[in-house]
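Read through the structure below, which is laid out as structure tokens, and then see the notes.
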Amino acid sequence: MAKKSNTITVERKIRVALKKSEEKYRMLLDLAVDAVFHGDGTGKFITVNDKAVELTGYSKKELLKMNIRDLFPNYAPDSNPLNYDLLSGGITIKTVREIIRKDDKRLLIEMTSKAMPDDTYQSLFRDITESRNAELAALDTALKYRNLHMSMMDGYVFVDMNGKIIDSNSAYQRMLGYNAIELNALTYEDLTPSKWHDFEHNIVDQEILPNGHSGVYQKEYLKKDGTVFPVELRTFLVRNTSGRNEGMWAIVRDITKRKQAEDDLMKSEEKFRSIVESSPTGMLFYQLDNSDNLILTGANPAADNILGISHKTLIGSTILEAFPNLASTGIPELYKKVATGDTGSQYFEIPYEDERFSGYYTVHVFRTGSRTIAVDFSDITRRRQMEEALRHSEIEYRDTLNSMPDWIYVVDEHYKIALVNSALTQELIRQGFKPDCLGMEIGHKFPFITGKAIKTVKLVFSTGNVSVSEQKVDLAGSKHHVEITCAPILKNDKVVKVILMIRDRSKEKEIEELKRRNAEQKEVLLREIHHRVKNNLAIVISLLNFQLRNNTNGELARIIIDIQMRIRSMALIHENLYRSENIDRIPLTNYIDALVYMIINTYSGQHIKLERHLDPMEVCIETALPIGLIVNELLTNSFKYAFPAGGQGVIHIRLKKEDDQMCTLVVEDNGVGLPESISMDSEKSIGLYIVHLLVEQLEGTLKIDRNNGTSFEIRFRNIVRKKKPQLQDSE
């Protein structure tokens, strides 16, 4: 009985201890920071803690009726199994999965599962949504930062404290012509010309290390190809969490174009300054200050010379301090309107006088920038004095008009006759008109006043330009050729009167017509002379043909044929002159074509091809005659000697215009070539000797090439001299 009582006591103690252990386990379970799910081998929950309720949004009662698979959305055992079969082998499974709460909100959790001794399992769920989002945000920020510095227009470079390049973006690499790997093998000083090393060391020591960054500064870089170019950069110091200096990074900008633009701007400013300094007109520069006062900011040397004062002492003064007598004018206000853009450029004339200088000036004021103007002025005092003198010389003016033999009308702005000179008065009396026509409106009733003349007078009033014209007028039953000059009379730059000066040129026209008829007659005679010379030369050729038919001497026949060819070349010139529109010029291309055609017909039995390239040009007879004889001699020689025994070949003839005067004539063949023994200045070869003399006559040069046949190159100057008949005036 005692033994049984002891046994019951032991069992009770065990149950009490077990209950305390379970209570302690449950307390630990509820206090755990992770959600704890205890389930059987099928996944059905046996126990869950408070964190599991908080995490899933389900109550404990609801969870204990669920399977773990119910927490996973779209659970697919084939593609994403839980692998609980591995737990029995003592393996702890750790994975990241997505669960769905009761409110359909999805959470990313880290799930750790392991087997329990009683063949159940325990899974710990830890919410990692926020940490994963933070990681993704950090990764996204890093990617954005990386993409940003890689896509920047400016260069980015990071170096360690020894200057070794650690990182760079593509813009920096393109800028220097290196790739990333090549740059990582270099230091910052390798890319910097040596003259900048001390300068940049001072930047590091005096700005970057004490301040953590530098200001913007400029230096030069060396490209891979050795090119030096300017850059602008700012450098920042990088420290680790312990405050130790780890490196430096910089934003680098290529300022080659900007430097060029600055240089161009500087040159432009220098050019503008040079123009202003050397301008013959005076220039003053003003700027509106914050109180809308016009301040004199500069003047050119011409302004000092024109006004006879030094503007240096006036710089910084207001316009009225510099020129006090402008206070009674609207000039300062006008200048302000131009400076503010309220009105455009202005041009006017003004007088000015104070104790320093006086005069009359033309002024052009225009805007040069925001609230700035330039005043360009010239002294027209002398011109004004001359105008005044002109007004006082009216009597002399009338006397001058009366002394002129031309017929003169003076018409006022109302198109009424203000004055006629003595010569016209006498002509009006002779023609039966009343000489007292002053104040009358001009019209066809006055001699020499035609509709065209009236239109011209109106045009001169509107434009102020002088007009000269010739007209035929019918006066007293006879035709007169007159020259009418309409000239303006100005007052204050306005046309107030117009002078009609009429000169009878009838006799001059008769003389000109006689000269024209004489010139036409001489041209007809010259054409007839050229025609007769051509016919006479044709007679000579016919006589030579007669002599040739009655000749049995072969050598003499060859000489006669050569002479005929030369005569024909001269006859062609006279034929071209006879047919040409200009009897003093010959179309050289047409002439050479006709000459070549004649020579080809003479030697038509040979198998020789002749090619020609001729630039169109006109020459005088003094040039055409020697050129024709030269072409005749050289082509004849090529046909006769360059291709012996009926051989085949090509002859080229080229005429090229090098510039306005110099020309080149080339005659060449691919025949047997000209022997070295034959000289151009030797009389043994008559044809070549003639060519030599003709080139000298042209004052040209001759070049011979005996390689691969024979080539003759003649350079000559083509001066077209137009000779017109000289007419002698007879008494």
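The values are calculated or read from the model by the stated rules, or taken from the named source; none is laboratory data. Since the model is a prediction, treat every value here as computed from it, not as a measurement. Virtual Cβ from ideal backbone geometry, glycine too; neighbours counted across all protein chains shown.
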* Structure fact -> Exactly one of Glu470, Glu441 is farther than 22 Å from Pro405 by Cβ and either at pLDDT 75 or above or surrounded by 12 or more Cβ atoms within 10 Å (Cβ to Cβ) (or both), and that one is Glu441
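Looking at region 604-629 only, could you name the residues that are of a type in the set (Gly, Ala, Ser) and crowded, with 18+ Cβ neighbours inside 10 Å?
At the first step, the residues of region 604-629 found to be of a type in the set (Gly, Ala, Ser) are 604-605, 624, 628.
Ala624, Gly628 - these are the residues of region 604-629 that are of a type in the set (Gly, Ala, Ser) and crowded, with 18+ Cβ neighbours inside 10 Å.
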* In region 344-398, what residues are at pLDDT 90 or above and not assigned by TED's automatic domain parsing to the domain that holds Leu294? -> none
* Asked: Does Ile600 count as in contact (Cβ under 8 Å) with a residue 12 or more places away in the chain, of a type outside the set (Phe, Trp, Tyr), under 26 Å from Tyr689 (Cβ atoms) and in the same structural domain as Gly671 (by TED's automatic domain parsing)?
  -> no
* Output for region 66-104, where each listed residue is loosely packed, with under 11 Cβ neighbours inside 10 Å and modelled with pLDDT of 85 or more -> Asp103, Asp104
* Structure fact -> Those residues of region 399-420 that are in contact with a Lys or Arg (Cβ under 9 Å, 6 or more places away or on another chain), modelled with pLDDT of 75 or more and on the phi < 0 side of the Ramachandran plot come to a total of 8
* Selection count where residues are among the aliphatic types (A, V, I, L, M) and outside any helix (DSSP H, G or I), scope region 414-431 -> 4
* To do: Collect the residues in region 652-668 that are charged (D, E, K, R) and at pLDDT 90 or above, keeping them in residue-number order.
  => Arg654, Lys656, Glu668
* Asked: Which of the residues spanning region 329-386 are assigned to a strand (DSSP E or B), of a type in the set (Val, Ile, Thr) and under 34 Å from the mean Cα position of the chain (by Cα)?
  -> Val365, Thr368, Thr372, Ile373, Val375
* Please enumerate the residues belonging to region 154-200 that are in a loop (DSSP other than H, G, I, E, B) and either among the hydroxyl-bearing types (Ser, Thr, Tyr) or touching a residue at least 24 places away in the same chain (Cβ under 8 Å) (or both). => Asp154, Met161, Asn162, Gly163, Gly177, Tyr178, Tyr188, Thr192, Pro193
* Structure fact -> Subset of region 247-284, residues under 32 Å from the mean Cα position of the chain (by Cα) and in a strand (DSSP E or B), comes to Val252, Arg253, Asp254, Met283
